[in-house]
């Protein structure tokens, strides 16, 4: 789940059909609704790039003083004490309504269970490829992770489950977190309690570019982190892009996306509700429906308009649907799959008479939700256990979302015996000599000589 203003922010980059593909499918589909806006992506805004570059350079030069200056200027930060005490973190749950506290505890438990189960399937192994040539893999967690926990217009309570908690399930020894201050100062207790349950080691009330820079540059009274993760606005996403290399990142996520693949057996009201459920993330969050039934597609459009009339977040979801929503009718299920794989949405719901067939044939999505009883919100809030930090803007064609595997380094090793040397050394000598790499050749021939002695 990504926030508004992430890596790409417009239909020109997010959830867009490839023109060449549409030409090959000409006549096999038709649009009932198309987006009204085709604007450049937010991260391509030179002002965003220049602002982040200047901030990072300033923070590199002036250190924590620059971090505090930006915190005061941009977030109205008061004082110079950024870190929450362990007592303040541990007591955060006591300030929450009982039902909210229980819901957060359930989400933490489910996300941790899925992550630890996934970790149990990533096992070290060793194999003898040929007699005397032993190779293997060890999964080693990164040492230090910095998690950014958004708490702006919509505090994303479950983000800590997906970043802090999953990192801990992977075995990361140290996870610190930064979260922006609230309008009246201090941290959001629900976000802090979720981080506490997830096993966070330290929490700092610090937002934006300055938070990521402080973690990456080691300005918070500790060593620099090895990896920064978490969603954020356009400036946070650009900071991650510019910091990549100095640290690892999870992914460059843009506005939250949802796509539904449904047929005439699906309830139009339910489909409409799920489309709006992601559209309310931000005014440029795209929502798409691909269906094999024109009557169903039109019924969903009507249901969306009807539901918007009574939706408290209509000022956000309405523009998102109007400007970025799309409804497409495919002539058959094969065309529907081809179109959906081309969109490669962050979240994909399938509500059809044959969900299993679609599950078997669909290949490009961040996470898939099968059947009418599944909804993206279950994952968004941590109840499904799966991670909501997922690729957007077509990234699902080549990448997966955040998981325990992202925090692990699959480190290979090899152990070679004297007996395996002749075959290996001779082949390396031949290849190295053909390349003109004499030193490479010598590493093999010296061992071959030793073997022969």
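So, in the stretch 155-185, of the ones that are part of a loop (DSSP other than H, G, I, E, B) and out of contact with any helix residue (DSSP H, G or I) (no Cβ under 9 Å at 6 or more places or on another chain), which residue ends up surrounded by the fewest Cβ atoms within 10 Å (Cβ to Cβ)?
If we take residues in the stretch 155-185 being part of a loop (DSSP other than H, G, I, E, B) and out of contact with any helix residue (DSSP H, G or I) (no Cβ under 9 Å at 6 or more places or on another chain), then 184 is surrounded by the fewest Cβ atoms within 10 Å (Cβ to Cβ).
Looking at the stretch 281-308 only, could you name the residues that are surrounded by fewer than 24 Cβ atoms within 10 Å (Cβ to Cβ) and at pLDDT below 95?
Passing the criteria: only 283.
Identify all residues within the stretch 208-226 that are touching a strand residue (DSSP E or B) at 6+ places or on another chain (Cβ under 8 Å) and either at pLDDT below 95 or surrounded by fewer than 24 Cβ atoms within 10 Å (Cβ to Cβ) (or both); write none if there are none. It would help to see each step written out before you state the result.
Narrowing the stretch 208-226 to residues touching a strand residue (DSSP E or B) at 6+ places or on another chain (Cβ under 8 Å): 211-212, 214-216, 220-226.
Result: 220, 221, 222, 223, 224, 226.
For the stretch 37-45, state whether one or more residues are modelled with pLDDT of 90 or more and surrounded by 15 or more Cβ atoms within 10 Å (Cβ to Cβ). Working first, answer last.
First pass over the stretch 37-45, keeping only residues modelled with pLDDT of 90 or more: none.
No, that holds for no residue.
Determine whether residue 26 is outside any helix (DSSP H, G or I), at pLDDT 90 or above and either assigned by TED's automatic domain parsing to the domain that holds residue 279 or crowded, with 19+ Cβ neighbours inside 10 Å (or both). Explain how you work it out, then say what you get.
Working: outside any helix (DSSP H, G or I): yes; at pLDDT 90 or above: yes; either assigned by TED's automatic domain parsing to the domain that holds residue 279 or crowded, with 19+ Cβ neighbours inside 10 Å (or both): yes.
Considered against the rule, which asks whether it is outside any helix (DSSP H, G or I), at pLDDT 90 or above and either assigned by TED's automatic domain parsing to the domain that holds residue 279 or crowded, with 19+ Cβ neighbours inside 10 Å (or both), residue 26 comes out as yes.
For the list (1) in contact (Cβ under 8 Å) with a residue 24 or more places away in the chain; (2) farther than 23 Å from residue 200 by Cβ; (3) out of contact with any helix residue (DSSP H, G or I) (no Cβ under 9 Å at 6 or more places or on another chain), I need the number of the one condition that residue 106 fails.
Among (1) in contact (Cβ under 8 Å) with a residue 24 or more places away in the chain; (2) farther than 23 Å from residue 200 by Cβ; (3) out of contact with any helix residue (DSSP H, G or I) (no Cβ under 9 Å at 6 or more places or on another chain), the lone unmet condition for residue 106 is (2).
Just one of the numbered conditions (1) surrounded by fewer than 24 Cβ atoms within 10 Å (Cβ to Cβ); (2) not in a loop (DSSP other than H, G, I, E, B) is not true of residue 321; which one?
In the conditions (1) surrounded by fewer than 24 Cβ atoms within 10 Å (Cβ to Cβ); (2) not in a loop (DSSP other than H, G, I, E, B), residue 321 misses (1) alone.
For residue 251, are the conditions met, namely being touching a residue at least 60 places away in the same chain (Cβ under 8 Å) and either at positive phi or not in a helix (DSSP H, G or I) (or both)? Before you say what the answer is, go through the steps one by one.
Numbers: touching a residue at least 60 places away in the same chain (Cβ under 8 Å): yes; either at positive phi or not in a helix (DSSP H, G or I) (or both): yes.
When the stated conditions are applied, residue 251 passes them.
Within the stretch 227-247, can you find the residues that are within 16 Å of residue 402 (Cβ to Cβ) and either buried (at least 16 other Cβ atoms within 10 Å of the Cβ) or outside the structural domain of residue 207 (by TED's automatic domain parsing) (or both)?
Within the stretch 227-247, the first condition is being within 16 Å of residue 402 (Cβ to Cβ), and the residues that meet it are 227-232, 236-237, 240, 244, 247.
Once the filter is applied, which keeps residues that are within 16 Å of residue 402 (Cβ to Cβ) and either buried (at least 16 other Cβ atoms within 10 Å of the Cβ) or outside the structural domain of residue 207 (by TED's automatic domain parsing) (or both), the stretch 227-247 yields 227, 228, 229, 230, 231, 232, 236, 237, 240, 247.
Please specify each residue of the stretch 428-440 satisfying the condition of being within 44 Å of the chain's Cα centre (by Cα) and either in contact (Cβ under 8 Å) with a residue 12 or more places away in the chain or in a loop (DSSP other than H, G, I, E, B) (or both).
So the first thing to find is which residues in the stretch 428-440 are within 44 Å of the chain's Cα centre (by Cα), and the list is 428, 431-432, 435, 437, 439-440.
Across the stretch 428-440, the qualifying residues are 428, 432, 437, 440.
The values are calculated or read from the model by the stated rules, or taken from the named source; none is laboratory data. None of the values given here were measured: they were computed from a predicted structure. Positions of Cβ are generated from backbone atoms using ideal geometry, with glycine treated the same way; all protein chains shown enter the neighbour counts.
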